[in-house]
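Accompanying notes for the structure given below.
The values are calculated or read from the model by the stated rules, or taken from the named source; none is laboratory data. All values reported here derive from a predicted model rather than from experimental measurement. Cβ atoms come from the backbone with ideal geometry, glycine included; neighbour counts cover every protein chain shown.
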Amino acid sequence: MVFNTYTHYDKNLDHQNLADLIKHLEASPHIHGTVMYGTIPDENNRISDYDIVLIHDDSDLATINKMITSVDHRITDVIFVHVDDVKQALVAELPVAENSTAGGIFKKIEGAQILYDPDKLLHDVQMKLDDEVNWLSHSPDALYHDWYWLNHQLVHIRRMAQSEDHMYLLSVRLKMCKNIGAIYRAYFKTRHLPWRGEKPALIYWSKHDPNFYNLILQFLQESSTKAQVIIYERLIELALQPVGGLWDDNVTAIILNGASQDKDDIQATYTHWLEVIESK
């Protein structure tokens, strides 16, 4: 099956400027607000994109998760959020989990440029977040998952990087490329900061953590696999620093089935494992 016929091109939309699009949206009784989130696009830079959140009560639009389109010859991402979800987020108790409905809404609306807000709903959300600096939290279970899997992958990357075999070393580079995004996100998650994308992350690190920022540049520019592994290890160590950093050598670590990673449950499981392997 090919999916080319699933996409559409509308010349009028592509040529329409953003201000006219917002006016059309304002005319709909089902649209309750629009915001532009992320870094504000540079009007003089044609590679800048638009990132828009559309607040609505349209049952047909409710089936859309996200849409990529073109407005005024600019790539435009549109996220559709039902107005009832925004109202529920407005009364949600803080802090909230990043992967919750309220957390997703807050990440997009906090600090965003409000384009249309007839009922001041988006304004009220921003005021709620302004009054609470630490509105985001991650459960210990979620943090443990990141701590476990990044360390787990590092153990195998270290092992494979000892080889002189070309395919081994090429596999190491592929593994690091696959995992580097998880390191970036873990950095923010372990500090209970919202992840907003690569460009905002780079801006944050350049201002608040130049050491991490410079390590990223070194990692991207390094041509030696073995040298890149050293930088990669340091990035993981810094990203996971608030939750324990790197494993010691030759440790036994366990991750349980399901979301819960209770320390007592893990200890009990490990104790039982010892009983199994030591039984006669």
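Evaluate the range 229-241: report whether one residue or more is small (Gly, Ala, Ser) and farther than 19 Å from residue 158 by Cβ. No, the range 229-241 has no match at all. Within the range 179-200, the residues that satisfy the criterion of being farther than 26 Å from residue 162 by Cβ, more than 10 Å from the chain's Cα centre (by Cα) and assigned to a helix (DSSP H, G or I) are 187, 190, 199, 200. For the structure I just gave you, tell me whether residue 104 is surrounded by fewer than 17 Cβ atoms within 10 Å (Cβ to Cβ) and either modelled with pLDDT under 95 or within 19 Å of residue 237 (Cβ to Cβ) (or both). Spelling it out, it is not the case that residue 104 is surrounded by fewer than 17 Cβ atoms within 10 Å (Cβ to Cβ) and either modelled with pLDDT under 95 or within 19 Å of residue 237 (Cβ to Cβ) (or both). Selection within the range 150-171: residues that are out of contact with any Phe, Trp or Tyr (no Cβ under 7 Å at 6 or more places or on another chain) and among the polar types (S, T, N, Q). The member of this set that is surrounded by the fewest Cβ atoms within 10 Å (Cβ to Cβ) is 162.
Here residue 110 meets the list (1) among the charged types (D, E, K, R); (2) surrounded by fewer than 15 Cβ atoms within 10 Å (Cβ to Cβ); (3) closer than 30 Å to residue 239 by Cβ almost entirely, failing just condition (2). Taking strands (runs of 3 or more DSSP E) as the structural unit, those lying wholly within the range 1-91 and holding at least 1 residues that are in the same structural domain as residue 107 (by TED's automatic domain parsing) and without any contact (Cβ under 8 Å) to a residue 24 or more places away in the chain correspond to 66-71. Contact annotation: residue pairs with Cβ atoms under 6 Å, 6 or more positions apart or on different chains, pairing a residue in the range 159-179 that is under 17 Å from residue 233 (Cβ atoms) with a partner that is basic (Lys, Arg), are 161/226.
The residues in the range 208-263 that are surrounded by 17 or more Cβ atoms within 10 Å (Cβ to Cβ) and farther than 26 Å from residue 173 by Cβ can be counted, and the count is 1.
The set of residues in the range 128-149 that are loosely packed, with under 13 Cβ neighbours inside 10 Å and part of a helix (DSSP H, G or I) contains only 130.
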